[in-house]
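Nothing in this text is a laboratory measurement; each read-out follows from the coordinates by a stated rule. All figures in this text were calculated on a predicted structure; none of them were measured in a lab. Quick reminder, even Gly has a Cβ in these numbers, built from the backbone with ideal geometry, and neighbours come from all protein chains shown.
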Amino acid sequence: MSEKLRHRTAAVPLLLLVATLGACTRDEPEDLSDRIARQTQRDAELGQIHLDPASCPGGGDGMLYVALGEEVVRVPNFSAPTMRSPVYSGADKLPIPPMPEAPEGCKEHPARAQALHLSFLVAQSQDHVAAPLQAISLFRSDGRPHMQEVNAASFDRWRGRPECTNSPSGLTICGVREEGLPVATGAQVAGGDVSGGPRWVAACGYGTGSILVDDCRVYYLLRKGLLVRYLFNQQRVSLERMYELDPSIREWLKSIVVEDYAWPRPDRDRPVFHP
């Protein structure tokens, strides 16, 4: 065997080892904490809608447009970003905006969202109709008010029990409060009819993600495709008062929905955006 051939033969195992180590390095599982950190950062970035209305076609109208499925809502645009839960799946089935090349959030290109969080908007005005709430959001819905059904079923199970009370406003309140701790615990559920809309049901305490009976959640289908969720605390606003305020909250939410938004038809010529 020649000297050159011996050198080449000896180098083969070394090359195989280097290749194997490289492959192991490439296939090494990604650190879970790093992956979570990157996903958290991605969620934070996608969860913010930044819009300069002046960059919209014709200078915009100072409003921010958000699409929750096919339903579009229109809210005042502020310098701080508006918060949303981004769409991660099913985006290919959503309608195409009139001008996809226009900035996201313009009327011609509503920002897509799974949920639009309105608490920041409410906080801009102390006398806002929803000011007593801790949080309020609109969700894209598949047509069924799932959590409302859960709360309503719970209310229907409780309403025949002797510990239920009826208020003059038509609200029925059922459940128990345990006052032995520094904060009240237990579970309560309250329900009452609302004219022209789904029944109002609030679930408080156990089963809502909190052991504190003063923490309450309300869900209902505002209209086809839009689900409402809001949170309130009974130390700030009572069940009776929240029930009385809800019709006004519904009217406010309905007022920000863009009726009959003009999604382009597939056979319609799409306008061109000239920045």
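Sorted from longest to shortest, the spans of the Cα atoms of the range 50-202 along the three principal axes equal 62, 35, 31 Å. Quantify how much of the Cα-Cα distance distribution of the range 105-176 extends past 17 Å, in percent. Taking all Cα-Cα pairs of the range 105-176, the fraction more than 17 Å apart is 68 percent. Name the residue from ASN233, SER248, PRO132 whose Cα lies farthest towards the positive end of the charge dipole of the range 120-275, charges +1 on Cβ of Lys and Arg and -1 on Cβ of Asp and Glu. Going by the charge dipole, the pick is SER248. Note on the range 200-239: semi-axes of the ellipsoid equivalent to its C-alpha gyration tensor, largest first and rounded to whole Å, are 21, 11, 7. Taking amide H as placed 1.01 Å from N in the peptide plane, TYR220 has its amide H under 5 Å from the amide H of VAL228, each at least 5 places away in sequence or on another chain. When you count the other C-beta atoms within 10 angstrom of each residue and take the mean per peptide, 104-110, 132-138 line up highest first as 104-110, 132-138.
Quick note on the range 149-262: its Rg to Rh ratio, both from C-alpha atoms and Rh being the Kirkwood radius, is 1.00. For the range 140-209, the normalised intensity computed at q = 0.14, 0.21, 0.23 Å⁻¹ comes to -0.48, -0.94, -1.06 (log10 of I(q)/I(0), Debye sum over alpha carbons, equal scatterers, no solvent).
A simple rule links phi to the HN-Hα coupling: the Karplus curve 6.51 cos²θ - 1.76 cosθ + 1.60 with θ = phi - 60°, which for the range 159-171 gives 4, x, 7, x, 7, 7, 10, 10, 8, x, 6, x, 8 Hz, with x for Gly and Pro.
Using the Cβ-Cβ distance between ASP34 and GLN114 with R0 set to 45 Å, the FRET efficiency works out to roughly 0.95.
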